[in-house]
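**Student:** There's a structure below that I have some questions on.
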């Protein structure tokens, strides 16, 4: 009997100890007291290794009225598609197509360059989140050119995940700091879950009074800050974190930087005004318009309702080339039709011989090109007409007009083929004109 009693008392003591431990873990709210020189763990071992995404589904179709938003996944990016679902649903809900660039695995730099070169031609915005492989100088050049044309760029970092985002961000006057922000006095149940209430009055902060950031760092920028921490917020890299910016513009309003990824991920996206900030970011990515150059063919032609491209031929002998252009545009998902004359309210491709230059003289003059006994323009003067073809892009009056002129129907057919397979880019003399010579081929 005594043995049973002792066993019962032993079990009671064990259960009491377990109950106390659970209660302590649940109800303990003691604050974190960091050391004087607290620093974030920035070693690779201190960050989660995000696995590759194997099965991928397109978010939306490859063409839309609003445009295409590209998401970089070619630099072993440290996030899962499911973590970005809420933001991309907002983007797709505004009529934009969303496309991933890459498969989250390591991609050879030359292949990445080729992928970005083609994809950025059709994009309106690019989203870069936590790239683990650094951007090469050539890739950064491509993104810089894209932004100069009016393309939107969103850069997102997170101090708890491996990333090389500054390899691109520095091109735009941005530097994501290797710190984390924390607040021991007011937070969302954890000292690293900070509140931000100080915002510049911007469209990106419209309707936003307070947000909760969960793994935030700070950003140094040559542009203006957008959100600022308060006096009770601290940085792991400096004594005071007051006035630091976890959200900022780059050197233009076409580059937005956010030093926290977690606030976008459910359920954190529902805290305070996080959902409104997400909505504003989606507006940012799908608003505005970028400019296109001749090298962006055929993506300067819109494919929305009522936006079919007219293909006009200068004379009946060029109908075959007109049909080739029509079929070629359809392969890019762009609807077009052969019409007898130009409609000055619609995007147009004009195909003609050099003798038809008078019909498009205004466009040629605007491009600085003259066609008479020879060709002259930004490529020089006295260029022989024999075996020569010129391509000119005019983008005035909210429309795009592409003109291709050649000396014979055969030369024009070759020029059209060169246009459709992209080789014409080797012949460009500036952003809006190219000249190709087929004289050697005809001899």
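The values are calculated or read from the model by the stated rules, or taken from the named source; none is laboratory data. Everything numeric in this text was worked out from a predicted model, so none of it was measured. Using ideal geometry, Cβ is built from the backbone for each residue, glycine included, and neighbour counts are taken over all protein chains shown.
**Student:** Considering (1) assigned to a helix (DSSP H, G or I); (2) more than 22 Å from residue 98 (Cα to Cα); (3) not assigned by TED's automatic domain parsing to the domain that holds residue 392, say which one residue 269 fails and leave the rest.
**Tutor:** That leaves (2) as the condition not met.
**Student:** On to the next question. Are there any pairs with C-beta distances below 6 angstrom linking a residue in the range 355-384 that is more than 13 Å from residue 429 (Cα to Cα) to a residue that is at pLDDT 90 or above and assigned to a loop (DSSP other than H, G, I, E, B), with the two at least 6 apart or on different chains, and if so which?
**Tutor:** Qualifying pairs under 6 Å: 356/314.
**Student:** State whether one or more residues within the range 406-417 are closer than 26 Å to residue 148 by Cβ, touching a helix residue (DSSP H, G or I) at 6+ places or on another chain (Cβ under 7 Å), touching a residue at least 12 places away in the same chain (Cβ under 8 Å) and crowded, with 20+ Cβ neighbours inside 10 Å.
**Tutor:** No.
**Student:** Given the residues 258, 311, which is the only one that is modelled with pLDDT of 95 or more and not assigned by TED's automatic domain parsing to the domain that holds residue 83?
**Tutor:** From the options 258, 311, the qualifying one is 311.
**Student:** If you go through the range 194-229, how many residues are within 25 Å of the chain's Cα centre (by Cα), assigned to a loop (DSSP other than H, G, I, E, B) and touching a residue at least 12 places away in the same chain (Cβ under 8 Å)?
**Tutor:** The total comes to 13.
**Student:** What pairs come up if the first residue lies in the range 274-302 and is free of Cβ contacts under 8 Å to residues at least 40 places away in the same chain and not assigned by TED's automatic domain parsing to the domain that holds residue 211, the second is buried (at least 21 other Cβ atoms within 10 Å of the Cβ) and part of a helix (DSSP H, G or I), and their beta carbons are under 6 Å apart, counting only those six or more places apart or on different chains?
**Tutor:** 298/329
**Student:** Checking the conditions here, which among 313, 309, 349 is surrounded by 15 or more Cβ atoms within 10 Å (Cβ to Cβ) and either in contact (Cβ under 8 Å) with a residue 60 or more places away in the chain or over 16 Å from residue 398 (Cα atoms) (or both)?
**Tutor:** Step by step, each of 313, 309, 349 is checked, and only 313 is surrounded by 15 or more Cβ atoms within 10 Å (Cβ to Cβ) and either in contact (Cβ under 8 Å) with a residue 60 or more places away in the chain or over 16 Å from residue 398 (Cα atoms) (or both).
**Student:** Any chance you could count how many residues in the range 183-203 are in contact with a helix residue (DSSP H, G or I) (Cβ under 8 Å, 6 or more places away or on another chain) and either more than 21 Å from residue 278 (Cβ to Cβ) or crowded, with 20+ Cβ neighbours inside 10 Å (or both)? Please lay out each step first, then the result.
**Tutor:** Going residue by residue through the range 183-203, those that are in contact with a helix residue (DSSP H, G or I) (Cβ under 8 Å, 6 or more places away or on another chain) are 199, 203.
Add one more test, that the residue is either more than 21 Å from residue 278 (Cβ to Cβ) or crowded, with 20+ Cβ neighbours inside 10 Å (or both), and what stays is 199.
Of the residues in that region, 1 qualify.
**Student:** Just give me the residues in the range 245-266 being under 24 Å from residue 231 (Cα atoms), outside any strand (DSSP E or B) and out of contact with any helix residue (DSSP H, G or I) (no Cβ under 7 Å at 6 or more places or on another chain), in sequence order.
**Tutor:** 245, 246, 259, 260, 261
**Student:** Report yes if residue 178 is out of contact with any helix residue (DSSP H, G or I) (no Cβ under 8 Å at 6 or more places or on another chain), crowded, with 23+ Cβ neighbours inside 10 Å and either closer than 20 Å to residue 233 by Cβ or outside the structural domain of residue 276 (by TED's automatic domain parsing) (or both), otherwise no.
**Tutor:** no
**Student:** Evaluate the range 410-421: report whether one residue or more is in the same structural domain as residue 438 (by TED's automatic domain parsing), farther than 20 Å from residue 314 by Cα and under 30 Å from the mean Cα position of the chain (by Cα).
**Tutor:** Yes - at least one qualifying residue is present in the range 410-421.
**Student:** Go through the residues of the range 285-298 one by one and say whether even a single one is surrounded by fewer than 18 Cβ atoms within 10 Å (Cβ to Cβ) and farther than 25 Å from residue 145 by Cβ.
**Tutor:** No; the residues of the range 285-298 include none that is surrounded by fewer than 18 Cβ atoms within 10 Å (Cβ to Cβ) and farther than 25 Å from residue 145 by Cβ.
**Student:** Among the residues that make up the range 230-240, is at least one of them touching a residue at least 24 places away in the same chain (Cβ under 8 Å), in a loop (DSSP other than H, G, I, E, B), in contact with a strand residue (DSSP E or B) (Cβ under 7 Å, 6 or more places away or on another chain) and under 18 Å from residue 130 (Cα atoms)?
**Tutor:** Scanning the range 230-240, I find no residue that is touching a residue at least 24 places away in the same chain (Cβ under 8 Å), in a loop (DSSP other than H, G, I, E, B), in contact with a strand residue (DSSP E or B) (Cβ under 7 Å, 6 or more places away or on another chain) and under 18 Å from residue 130 (Cα atoms), so the answer is no.
**Student:** Restricting to the range 170-193, name every residue that is more than 13 Å from residue 126 (Cβ to Cβ) and not in a loop (DSSP other than H, G, I, E, B).
**Tutor:** Matches in the range 170-193: 170, 174, 175, 176, 181, 182.
**Student:** Looking at 338, 419 in this structure, which one is under 30 Å from residue 97 (Cβ atoms), at pLDDT 90 or above, touching a strand residue (DSSP E or B) at 6+ places or on another chain (Cβ under 7 Å) and outside any strand (DSSP E or B)?
**Tutor:** 419 is the lone residue from the list that is under 30 Å from residue 97 (Cβ atoms), at pLDDT 90 or above, touching a strand residue (DSSP E or B) at 6+ places or on another chain (Cβ under 7 Å) and outside any strand (DSSP E or B).
**Student:** So, in the range 123-135, exactly how many residues are over 16 Å from residue 100 (Cβ atoms) and either surrounded by 17 or more Cβ atoms within 10 Å (Cβ to Cβ) or outside the structural domain of residue 175 (by TED's automatic domain parsing) (or both)?
**Tutor:** Let us first name the residues in the range 123-135 that are over 16 Å from residue 100 (Cβ atoms), namely 134-135.
Now restrict to residues that are either surrounded by 17 or more Cβ atoms within 10 Å (Cβ to Cβ) or outside the structural domain of residue 175 (by TED's automatic domain parsing) (or both): 135.
Total satisfying the criteria: 1.
**Student:** Among what's in the range 75-105 and is at pLDDT below 95, part of a loop (DSSP other than H, G, I, E, B) and within 15 Å of the chain's Cα centre (by Cα), pick the residue that is nearest to residue 156 (Cα to Cα).
**Tutor:** 102
**Student:** Let me ask something else about it. Out of the residues in the range 358-375 that are surrounded by 14 or more Cβ atoms within 10 Å (Cβ to Cβ) and touching a helix residue (DSSP H, G or I) at 6+ places or on another chain (Cβ under 9 Å), state the one that is modelled with the highest pLDDT.
**Tutor:** 364
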